[in-house]
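A.B. asks: Following this message is one structure expressed as structure tokens.
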Amino acid sequence: MNTQQTPALQTKLPAVGTTIFTVMSTLAAEKNAVNLGQGFPDFNCDPQLVDAVTEAMKQGLNQYPPMTGVPVLREAIAKKIAALHGRQYNAATEITVTAGATQAIITAILAVVHAGDEVIVLEPCYDSYVPNIELAGGAPVRVPLTPGTFRPDFDRIAAAITPKTRAIIINSPHNPSGTVWTAEDMLRLQEVLAPTNVLLISDEVYEHMVFDGQQHQSAARFPGLAARAFIVSSFGKTYHVTGWKVGYVAAPASLTAEFRKVHQFNVFTVNTPVQHGLAAYMADPQPYLQLPAFYQRKRDLFRAGLERTKFKLLPGEGTYFQCVNIAEVSDLGETEFCKWLTSEIGVAAIPLSAFYGNGFDQRVVRFCFAKKDETLMAALDRLAKL
Ligand code: PMP
Ligand code: GLN
């Protein structure tokens, strides 16, 4: 026996490789392409937010914070949810600060999913959900959103519920499609879940990017949903700081207690000065109240440019993503098309197939418009060649 040989492993995630976001960002950098693939802003956050974090560091707020998050931030979050959605969460027992939404979601799943439990995901869905369920020993049950419109199909959702269903994960505003659930959608979900013990993980990271006067329908607004929900959000999206990785979970006390049991052993705590800085910055609601208008203008600019190409635009009700159908532009499949577009035209995009377990290819790709106007114009210039 060779004692210096690394023992062979059986992978826990056989289907997982490097995420498409990393693949496309790497290719975009290599080809010097305009990167409209991975979702992140290419502009800076408000300098006042940086000042607030710097101030916290200078004041010496640099040691471990409480496991659940600093009280001022939890209180600011509870106050915001109450003001926007009319539900009062207890900051001490029902709000937990997390290392971004990604950690919030895996922690919620690890806290509630037992081996053999089923968890419903609505495809296309964000790429961390299914591996998270598998790591918990659960079985993902994939229910498609309606092809073409990406609206939820409640008959299919209801039909997927079995005695083994532990939870369902929803995401509105929706990455990648940009659709937004209406109050009627949330009421239908509430009705479908009412006779069950199914928990809800509501991924609301794009809560402040909803356009054309529509309103974000948080699960917090629906008592029958809130009572069973982990509501997840992320400061990264709202304040243009995706690299800071701070988010939160709001959930009833009994769910929060289980959540915190896992949280304390997978991160324990989250960056102290950033939490204090965010709490101070949240005192002014204007930055998040103005976000819909800020992104709606960019969406309109980007859509107007795309209208002049052969891409067929899908609706863009929310998020900072715009999907287009490529059928008139190319015969390539989505992934090949994105690689070609990055290498030959100099604009990176993400194939929708990356959000499906079976690689379903509907000739649709996603662009991110959280970019400076000049970046969007440079991309549109290149896309005009198509
Ligand atoms: N959920 C969705 C739908 C997302 O788009 C993202 C951002 N990539 C996340 C969760 C993760 O957010 P965070 O960066 O705060 O972990
Ligand atoms: N949420 C972003 C997206 O959908 C980035 C995700 C990531 O890099 N993991 O593009």
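The values are calculated or read from the model by the stated rules, or taken from the named source; none is laboratory data. These figures come from a predicted structure and were not determined experimentally. Counting neighbours? That spans all protein chains shown, and the Cβs are built from the backbone with ideal geometry, glycine included. Accessible surface areas use protein heavy atoms only, side chains included; no ligands, DNA or RNA. Shrake-Rupley method; radii C 1.70, N 1.55, O 1.52, S 1.80 Å.
A.B. asks: Do we find a residue being in contact with a Cys (Cβ under 8 Å, 6 or more places away or on another chain) and within 16 Å of ligand 1 (Cβ to nearest atom) anywhere in segment 196-206?
C.D. replies: No, the conditions are met nowhere in segment 196-206.
A.B. asks: Can you name every one of the helices (runs of 4 or more DSSP H) wholly within segment 19-113 that holds 3 or more residues which are open to solvent by 60 Å² or more (accessible area, probe 1.4 Å)?
C.D. replies: Those helices (runs of 4 or more DSSP H) span 20-30, 47-58, 71-85.
Each row is one residue, and each column tells you yes or no for (1) in contact (Cβ under 8 Å) with a residue 60 or more places away in the chain; (2) within 16 Å of ligand 2 (Cβ to nearest atom); (3) over 18 Å from the mean Cα position of the chain (by Cα).
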site: ALA82; (1), (2), (3): no, no, yes
site: TYR89; (1), (2), (3): yes, no, yes
site: VAL97; (1), (2), (3): yes, no, no
site: VAL121; (1), (2), (3): no, yes, no
site: ILE133; (1), (2), (3): no, no, no
site: ALA136; (1), (2), (3): no, no, yes
site: THR146; (1), (2), (3): no, no, yes
site: THR162; (1), (2), (3): no, no, yes
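A.B. asks: Take the residues in segment 240-263 that are farther than 20 Å from LYS79 by Cα and within 15 Å of ligand 2 (Cβ to nearest atom), then tell me which one is most open to solvent (accessible area, probe 1.4 Å).
C.D. replies: Ranking the qualifying residues of segment 240-263, first place goes to LYS245.
A.B. asks: Right, here's the next one. Which of the residues that make up segment 217-244 are more than 9 Å from ligand 1 (Cβ to nearest atom) and either at pLDDT below 95 or assigned to a helix (DSSP H, G or I) (or both)?
C.D. replies: Listed by number, the residues that qualify are ALA219, ALA220, ARG221, PRO223, GLY224, LEU225, ALA226, THR238.
A.B. asks: I've got another one for you. If ARG151 satisfies every condition in (1) under 19 Å from GLU184 (Cα atoms); (2) open to solvent by 10 Å² or more (accessible area, probe 1.4 Å); (3) in contact with a strand residue (DSSP E or B) (Cβ under 7 Å, 6 or more places away or on another chain) but one, which is the exception?
C.D. replies: Here ARG151 meets the rest and fails (3).
A.B. asks: Looking at LYS237 and the list (1) basic (Lys, Arg); (2) buried (at least 18 other Cβ atoms within 10 Å of the Cβ); (3) closer than 21 Å to GLY86 by Cβ, which single condition is not satisfied?
C.D. replies: (3)
A.B. asks: Identify all residues within segment 202-239 that are under 19 Å from GLY39 (Cα atoms) and more than 16 Å from ligand 2 (Cβ to nearest atom); write none if there are none.
C.D. replies: VAL210, PHE211
A.B. asks: In addition: Output yes when any residue across segment 345-352 is free of Cβ contacts under 8 Å to residues at least 40 places away in the same chain and in a helix (DSSP H, G or I), and no when none is.
C.D. replies: Checking segment 345-352: not a single residue is free of Cβ contacts under 8 Å to residues at least 40 places away in the same chain and in a helix (DSSP H, G or I).
A.B. asks: Among (1) open to solvent by less than 60 Å² (accessible area, probe 1.4 Å); (2) part of a loop (DSSP other than H, G, I, E, B); (3) small (Gly, Ala, Ser), there is one condition ALA283 misses while meeting the rest; what is its number?
C.D. replies: Here ALA283 meets the rest and fails (1).
A.B. asks: Of the residues THR93, THR102, only one is in contact (Cβ under 8 Å) with a residue 12 or more places away in the chain, over 14 Å from ILE201 (Cα atoms) and of a type in the set (S, T, N, Q); which?
C.D. replies: THR93
A.B. asks: How about segment 184-196: which of its residues are out of contact with any Lys or Arg (no Cβ under 8 Å at 6 or more places or on another chain) and open to solvent by 10 Å² or more (accessible area, probe 1.4 Å)?
C.D. replies: Those that are out of contact with any Lys or Arg (no Cβ under 8 Å at 6 or more places or on another chain) and open to solvent by 10 Å² or more (accessible area, probe 1.4 Å): GLU184, LEU187, ARG188, GLN190, GLU191, VAL192, ALA194, PRO195, THR196.
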